[in-house]
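Since the structure comes first, as structure tokens, the remarks are kept for the end.
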Amino acid sequence: MCLGIPAKVIQIDESDLGKVDYLGTRVKTNFALLENVKVGDWVIVHAGFAISKLNEEEARDTFSILKEMAENEALENKNKETKKQSKRYKK
């Protein structure tokens, strides 16, 4: 499964190559599949290619959803660990 995480364009040259920033991680990216990409734009990158553009509000919304998913998963894992420990103590 692939997960599209928004990335901000931080560098692009005339050959449609450049870099994006994924929350502090900079990744080489090919922008040839999109038109009119410029520094400051938000994009979704798959396999090294920017495959779609989105606006800053969509990027913020996506980050919010991803954060909520991560928090839910952490809570679920904590609950599973608590149940395991509870079973150990009952023996």
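Coordinate-derived values only; no laboratory data. No experiment lies behind these values; they were computed from the predicted model shown. Cβ coordinates were reconstructed from backbone atoms using ideal geometry, including for glycine residues, and neighbour counts include every protein chain displayed.
Mind pulling the angle between the C-alpha long axis of helix 56-90 and the longest principal axis of the chain? Nearest 10 degrees, somewhere in 0 to 90. Computed tilt is about 20 degrees.
Normalised by 2.2 N^0.38 Å, where N is the number of residues, the C-alpha radius of gyration of the chain stands at 1.55. With each label modelled as a point 7 angstrom along the Cα→C-beta vector, the N55-K67 pair spans 2.1 nm.
For the chain, a Gaussian network of Cα nodes joined below 10 Å ranks K78, K28, K38 by mean-square fluctuation, and the top entry is K78. Taking 0.36 nm per residue of sequence separation and removing the Cα-Cα distance, the L33/Q11 pair yields an extension gain of 6.3 nm.
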